[in-house]
Amino acid sequence: MPPSIHPVDLIGALRHKHLTPAIVFLTSRRACDDAMQAFQRSQTNLPPARQQAIASVLGQLVEQYPSIAEHPLLPVVQRVGVAAHHAGHLPSWKIAIEELMRQGCLDAVFATTTLAAGVDFPARTVVVTQSSVRKTRDFTDLTIGEIQQLAGRAGRRGKDLVGFAVVTPSPYIDLGVITKGLTGQPEPIDSQFVISYPMVLNLLKAHPLDQIQAILARSFAQFQLNRRAEQLECKLDQLHVQMEPYGPRVCTDWITQWQVFDHARKQKASRVHTRQAGGTRLAGPGRREPPELAARLHFLTPGRVIGLSKGRGVVLRQYRSKGQRSPTVTVLRPGGAVTECPAASVTQIFDRIFEVEETPAYPWCTGQSLDSLTHQVSELPVRMPVLPILVQEEPEESEIVQTLTDEFPCPTCPSRPACQKDHAAALRLRQEVHRNQKTIQALHTGLWHRFQKRAEVLQQRGYLTPTCRLTDVGEWARLIRIDHSLLITELIRADAFSGAEPQILAAIMASIAHDDDRPGAFPRMSQGLASLLGQVRQLAESLAPDEDPPLLRADVAALTERWIGDPTLTWIGLCRVTTMAEGDIYRLLARTLEYLSQVYQLRETHPGLADTASKAIKVLRRGVLEELP
Amino acid sequence: MTTDELEKLLAEQPVSRLHRLAHGRVYRHFRLGKRRLIETLLRCTPEQRSGLESDLQALIQEESGTQQPARERQKPAISRTGRSEWSPAKPASPVEPEPAESPADLTAFLEGIGVPEPKPFVPDAWQEEALEALAVTDVVVSVPTGSGKTYVAIEATKRAIEAEETVIYTSPLKALSNTKFTEFSRLFGADQVGILTGDRRDNAQAPLLIMTTEILRNLLYDAAGGEIDVRLDTLGLVIMDESQYIADPERGVVWEETIVFCPTQARLLLLSASIGNPQDIADWLTSIRPTPCHLIRHHRRSVPLRAGYLHPSGKLTPLFRSVGIPRAPHSPLHPEAKRLFAQYEEETLRPGSR
Ligand SMILES: Nc1ncnc2c1ncn2[C@@H]1O[C@H](COP(=O)(O)OP(=O)(O)OP(=O)(O)O)[C@@H](O)[C@H]1O
Ligand SMILES: [Mg+2]
């Protein structure tokens, strides 16, 4: 969304108040380009001396980056002293704009927020026009850290006495998000550790299996998991103290004993009851949930943060619905709504519990709790650790009942009144202890389990021996250290590229590497590429249980085939066959280059393939792709 | 009323009326903008929904009753076609009384713009502290943007090169690597700086090597697997710029791998913009590295920052009551900014205005 103020007026207002140079962050590339067009039409020209300064800086850069000289935006930038900077541009152009900005030649740059971390130039003023940013599919609110990274570009050390962050509204800006971002503390960061196939292969190349767990334990991920486990251990200690009055009685494990006895008693009663009701068997209280659901129920306790298909919430209570008697939870959603959802609809259980003061009636907690929870739930970080849930097989209930129904000492036991009275509290405590113990264990062994899962797949596919050493295949496969490595190595093993020309290999790598789903036009591709791409798609699909398939877009494959297949094709000629932005084409080819150079690493085991890759690399690196190392 | 109809009706209401409606329903409703307010109201449970709808109708009737003839009030607010037949409240009844202009605040806000006197370069205390600590151990620097982290990197590099050690500088982005390559080549001399990418190695024997974090991770894997490529045995310093990337969902893991496999004889220098828990990162390094990590952290901006609000009309006001940016969340907004923003929302969010 463009800001509501016209870009020329915006810069005019800033100039008037001596607030330039400025970086104006806009939501989209489109908005940045539109702003430039507005300037192209306007007659706000720079004085000749300043135009001259821009020309001279650009003149120096042209030597290193020849593509700048022909850039269509060059005349406007020079005339009005304003530029756009976003991922749709070539890196060389962005470098030129950054240099102009560093030298103080420009009054303003329109940039997209997505690039904020990579934008390495400051200004006197930063203009913020939005409070959310498009991440993958949805718009997400900017985090405090992101807002401070944006606003922090204002005020150049040594060049400004003071910097300004100016907010100007655009439709759907939320001032609350921005003021919170400006005044608040940045969010703590969490590890995003994932275990990939190349990681498993490379670790096992260098270390024997019995050392791996210790190596994984050195990750930041495990460090943070341990922290959480420590907190739970403290809680566990407290629980043990609370458990003290419920130690052994006449029977050592009186809690279980009473539970089973009580259950058997009820079962009997209900059986009698159903018979009286006409002999039909009802799916009554004895009904059991599938083990996955049963395992989760322990965790769906008041205060627990959970994910639902739409958004997240905090559990206020767990109960069984009246008719179906299926487990249900009452959930507090961000914004304060209290909703009822079947426990089966919970998609994630997060490793976070808030304090709740429970009450027996709606809204199931004290008003004070509700207020603070509402506040906390709307401030949840974007990413939170999810609890791994271990599913435990339990013995068939009916078996227990059958064997034990008539064998209880309880009815005549002297401890019976005490057991009856304490049972509910003791059981709740004990369940909580178990839950905590399970969670702690999951926190300690989670990474290792994930590693084992990956290793198993690699064993099944012949990259690892049953004792987790690298096979001959594993030895070379570990050199492919990019996304979708499994697909690439499987393609190589299936001889998919034997006899393929450089442009075909490059085209396939491009379709594997490109992960942007912005639509592009569709230049024609060769028969050979079309049929190979079909094969790759099939293989990717068959690997889907073990590795997420890449987009495998035909248009980017066709584009790459053109570039490599025809060494006389110019950059401008290439840009003309697609609707993709220059910067996106550049990124596509640069990533393809990276993938090809990984294939080239296999030169010892696959000399033919490596040779094809090297030919493709040589042709690929020409024109603008040669400008940067 | 369907959710869409209700949403449309809510969007037609002035913000003040939405706040009245939200009172007692939405926690801290007065902090929410119009869009948020509507979203939140729409999220109520089905039981609460009917109450909400009837209250809304009541509010509409009550406030517009004086202006509308009785028979019009009987009509449904939304017709079948979804177009509103109810004329929106006149902006003539303002949300808040218009406060008097306060040019004094604006003057204070814009006071002191300019270029500082050129001063000889004196390193900040935290920069010195970082360099001193780096002589013996790993350092994590978490300070605001534009504070001068590069100076620490450059000075530390100088010292390491003098001690005939190899230095590796990593950044998350190729573009940034490139900028730094140019900058460092100018500073140290072209023969002293090399750059490594997936398919190219320029001057790979130089004492200062620039690369993306992924390339360094691969080098470390190769070394662990027995293949030595770049001379890691003389490695004395590894600088990881923009290391808040460790929290990147896709690439963060590469930072962790690099740190875990970083040779013990080299010191690590992690440079990052402000993050909430740099102490955690430092504690983690302490737990896995031979020497306890030193953390440098502060929130002082080297150039003070102020926040303003620019209305689409071109009118500029301070955003907060105070001249600088207050450090407390929920700090009061400048009344003029608040009024102008409310006015903006009124104008843009009413259907048919865009
Ligand atoms: N001690 C100092 N005194 C004066 N100016 C300094 C000092 N240290 C650094 N500077 C200047 O501050 C400016 C910003 O420094 P630098 O680019 O290193 O910031 P940074 O902390 O890396 O920020 P970012 O988070 O944006 O990467 C530079 O122009 C630098 O010359
Ligand atoms: Mg920096």
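The combined condition, being in the same structural domain as B:V152 (by TED's automatic domain parsing), in contact with a helix residue (DSSP H, G or I) (Cβ under 8 Å, 6 or more places away or on another chain) and within 16 Å of ligand 1 (Cβ to nearest atom), is not fulfilled by B:I288.
Taking every residue in the stretch A:618-629 that is touching a residue at least 40 places away in the same chain (Cβ under 8 Å) and more than 11 Å from every other protein chain (Cβ to nearest Cβ) and pairing it with any residue that is in a loop (DSSP other than H, G, I, E, B) and of a type outside the set (A, V, I, L, M, F, W, C), at least 6 positions away or on another chain, the pairs with Cβ-Cβ distances below 6 Å are A:V619/A:P567. For B:T258, the stated conditions hold: it is more than 23 Å from the chain's Cα centre (by Cα), closer than 27 Å to B:F181 by Cα, more than 10 Å from chain A (Cβ to nearest Cβ) and hydroxyl-bearing (S, T, Y).
Taking the condition at pLDDT 90 or above and open to solvent by 20 Å² or more (accessible area, probe 1.4 Å), does A:Q231 pass? So A:Q231 passes the test. Annotation: of all residues in the stretch A:125-166 being of a type in the set (A, V, I, L, M, F, W, C) and at the interface with chain B (Cβ under 7 Å from one of its Cβ atoms), the one that is nearest to A:R383 (Cα to Cα) is A:A151.
Can you pull out the residues in the stretch A:15-34 that are surrounded by fewer than 24 Cβ atoms within 10 Å (Cβ to Cβ) and part of a helix (DSSP H, G or I)? Correct list: A:R15, A:H16, A:R29, A:R30, A:A31, A:D33, A:D34.
Results for (1) more than 8 Å from chain A (Cβ to nearest Cβ); (2) in a loop (DSSP other than H, G, I, E, B); (3) basic (K, R), shown as yes or no for each residue.
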{"residue": "B:W284", "(1), (2), (3)": "no, no, no"}
{"residue": "B:P292", "(1), (2), (3)": "yes, yes, no"}
{"residue": "B:S331", "(1), (2), (3)": "no, yes, no"}
{"residue": "B:E336", "(1), (2), (3)": "yes, no, no"}
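The residues on offer are A:R137, A:R124, and the sole one that is modelled with pLDDT under 85 and away from ligand 2 (no atom under 16 Å from the Cβ) is A:R137.
For the stretch A:442-452, the tally of residues that are in contact (Cβ under 8 Å) with a residue 12 or more places away in the chain and not hydrophobic (A, V, I, L, M, F, W, C) stands at 4. Every listed requirement among (1) within 16 Å of ligand 1 (Cβ to nearest atom); (2) closer than 15 Å to B:L131 by Cα; (3) open to solvent by less than 50 Å² (accessible area, probe 1.4 Å) is met by B:A273 save one, (2). Within the set A:T347, A:T330, the sole residue that is touching a Lys or Arg at 6+ places or on another chain (Cβ under 6 Å) and either part of a strand (DSSP E or B) or open to solvent by 20 Å² or more (accessible area, probe 1.4 Å) (or both) turns out to be A:T330.
Against the conditions (1) within 7 Å of chain B (Cβ to nearest Cβ); (2) part of a helix (DSSP H, G or I); (3) within 20 Å of the chain's Cα centre (by Cα), A:V194 satisfies every one except (2). Taken over the stretch B:296-308, the criterion of being assigned to a strand (DSSP E or B) and within 16 Å of ligand 1 (Cβ to nearest atom) is satisfied by B:I296, B:R297, B:L305. When you look at A:I173, is it in a loop (DSSP other than H, G, I, E, B) and among the hydrophobic types (A, V, I, L, M, F, W, C), yes or no? It is true that A:I173 is in a loop (DSSP other than H, G, I, E, B) and among the hydrophobic types (A, V, I, L, M, F, W, C). Any residue in the stretch B:70-79 that is more than 23 Å from A:C341 (Cβ to Cβ), of a type in the set (D, E) and modelled with pLDDT of 60 or more? Within the stretch B:70-79, not a single residue is more than 23 Å from A:C341 (Cβ to Cβ), of a type in the set (D, E) and modelled with pLDDT of 60 or more. Selection of strands (runs of 3 or more DSSP E) fully inside the stretch B:153-222 by the criterion of at least 1 residues being in the same structural domain as B:D248 (by TED's automatic domain parsing), within 16 Å of ligand 1 (Cβ to nearest atom) and in contact (Cβ under 8 Å) with a residue 60 or more places away in the chain returns B:166-171. So in the stretch A:74-92, with the set limited to residues that are assigned to a helix (DSSP H, G or I) and in contact (Cβ under 8 Å) with a residue 40 or more places away in the chain, which one is nearest to the other protein chains (Cβ to nearest Cβ)? Ranking the candidates gives A:P91 first.
Filtering the stretch B:140-190 to residues that are under 25 Å from A:S92 (Cα atoms), more than 11 Å from ligand 2 (Cβ to nearest atom) and among the small types (G, A, S) leaves B:A175, B:S177, B:S185, B:G189, B:A190.
Residue check, A:N202 against (1) in a helix (DSSP H, G or I); (2) open to solvent by 20 Å² or more (accessible area, probe 1.4 Å), all met but one. Which one? Against the list (1) in a helix (DSSP H, G or I); (2) open to solvent by 20 Å² or more (accessible area, probe 1.4 Å), A:N202 comes up short only on (2).
Here the stretch B:111-144 is the region considered, the condition is being in contact (Cβ under 8 Å) with a residue 40 or more places away in the chain and part of a helix (DSSP H, G or I), and the residue that is most open to solvent (accessible area, probe 1.4 Å) is B:E129. For the stretch B:246-270, taking the residues that are open to solvent by 40 Å² or more (accessible area, probe 1.4 Å) and not in a loop (DSSP other than H, G, I, E, B), the one that is nearest to ligand 1 (Cβ to nearest atom) is identified as B:R267. When A:G181 is tested against (1) more than 7 Å from chain B (Cβ to nearest Cβ); (2) part of a loop (DSSP other than H, G, I, E, B), just one condition goes unmet, and that condition is (2). Residues that are of a type in the set (G, A, S) and open to solvent by 10 Å² or more (accessible area, probe 1.4 Å) within the stretch A:498-529 comprise A:S498, A:G499, A:A500, A:G520, A:A521, A:S526, A:G528, listed in sequence order.
The values are calculated or read from the model by the stated rules, or taken from the named source; none is laboratory data. Nothing here was measured: the structure is a model prediction, and the numbers come from that model. Virtual Cβ from ideal backbone geometry, glycine too; neighbours counted across all protein chains shown. Ligands, DNA and RNA are stripped out before the accessible areas are found, and what is left, the full protein with its side chains, is counted by its heavy atoms. Shrake-Rupley method; radii C 1.70, N 1.55, O 1.52, S 1.80 Å.
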